[in-house]
Amino acid sequence: MITFYDLAAKDPIKCWSFNPWKVRYVLNLKKIPYRTIYVDFGTSTNSDGTPVHTVPSIIDDKTGEAVTDSYKIVEYLDKRYPDTPKAFPPGTEALQAAFYKYFNEQTWDLAILIIHSVPNILSKESSLEYYHRSRAAWFGKPVEQIRPVGEELEKLWEKAHAFFDALEGWYAKSSGSFLVGDTPSFGDFVVVALFRSMRIVRGEDSEDWRKLSTMNNGRWVKLLNDLEKYASVEN
């Protein structure tokens, strides 16, 4: 059994954050038994005394090993459970690493778009206080002022369009409908984790979601839908 630590939110929202979604997709792909413990922002220990330093984190109950960081968690799961479907198919490890680094670099600005909306889904006052304080310290301004506006926002979307156009070109060279063929891999889950997080936090009626969901003629929402069977939050 894997114990998976994810961020808490208001009911009925369960998994909402970009990085935990990457891990949850892979756990579901592998069909590894797991349970989720939801923690609040600023929580240093869980209610049972288990240390929680970052989210996502896992503890493998079989070995007692604790792993943090979504990429390292997925590497661990591939190695520790070799008889399950691979998140990093053999021979694609270098490609996956390069893709992951480039994707994160190119989409960081898009992630900034949801920062001001996250307080709307947090369930506890302590989480709200920590979130506002920590983000203000990171960006040097209140949460409400972090989102770009005007020309800066326009340039952000221009950059996003250029990146996803390039990404579509990469996918077009695949022999299947996924990044490395007919089988989904970690790179695919990274892409759809961003889209799922944006849809949950900003809402389907938001202008941000409209722009993102219609990019490349809805190509990435199709990918999101194609991977829906790995998006269970029941554990």
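Points worth noting:
- PRO184 vs. criteria surrounded by fewer than 16 Cβ atoms within 10 Å (Cβ to Cβ) and in contact (Cβ under 8 Å) with a residue 60 or more places away in the chain: no
- Those residues of the range 52-75 which are among the β-branched types (Val, Ile, Thr) and not in a strand (DSSP E or B), in sequence order: VAL52, THR54, VAL55, THR63, ILE73, VAL74
- Filtering the range 14-48 to residues that are over 15 Å from the mean Cα position of the chain (by Cα), assigned to a loop (DSSP other than H, G, I, E, B), at pLDDT 90 or above and at negative phi leaves ILE32, PRO33.
- Candidate set: the range 83-105, residues that are among the aliphatic types (A, V, I, L, M) and touching a helix residue (DSSP H, G or I) at 6+ places or on another chain (Cβ under 9 Å); chosen: the one most open to solvent (accessible area, probe 1.4 Å): LEU95
- Condition check for LEU122: at pLDDT 95 or above, open to solvent by less than 60 Å² (accessible area, probe 1.4 Å) and either within 30 Å of ILE2 (Cα to Cα) or not polar (S, T, N, Q) (or both): no
- Output for the range 195-208, where each listed residue is open to solvent by 10 Å² or more (accessible area, probe 1.4 Å) and either of a type in the set (Lys, Arg) or part of a helix (DSSP H, G or I) (or both): ARG196, ARG199, ILE200, VAL201, ARG202, GLU207
- Screening VAL149 against (1) β-branched (Val, Ile, Thr); (2) within 19 Å of the chain's Cα centre (by Cα); (3) open to solvent by 20 Å² or more (accessible area, probe 1.4 Å) leaves a single unmet condition, (2).
The values are calculated or read from the model by the stated rules, or taken from the named source; none is laboratory data. Predicted, not measured: the structure shown is a model, and the values here were computed from it. Note that each Cβ is placed from the backbone with ideal geometry, even for glycine, and that neighbours are counted across all protein chains shown. Just the protein is used for accessible areas: all its heavy atoms, side chains included, with ligands, DNA and RNA removed. Shrake-Rupley method; radii C 1.70, N 1.55, O 1.52, S 1.80 Å.
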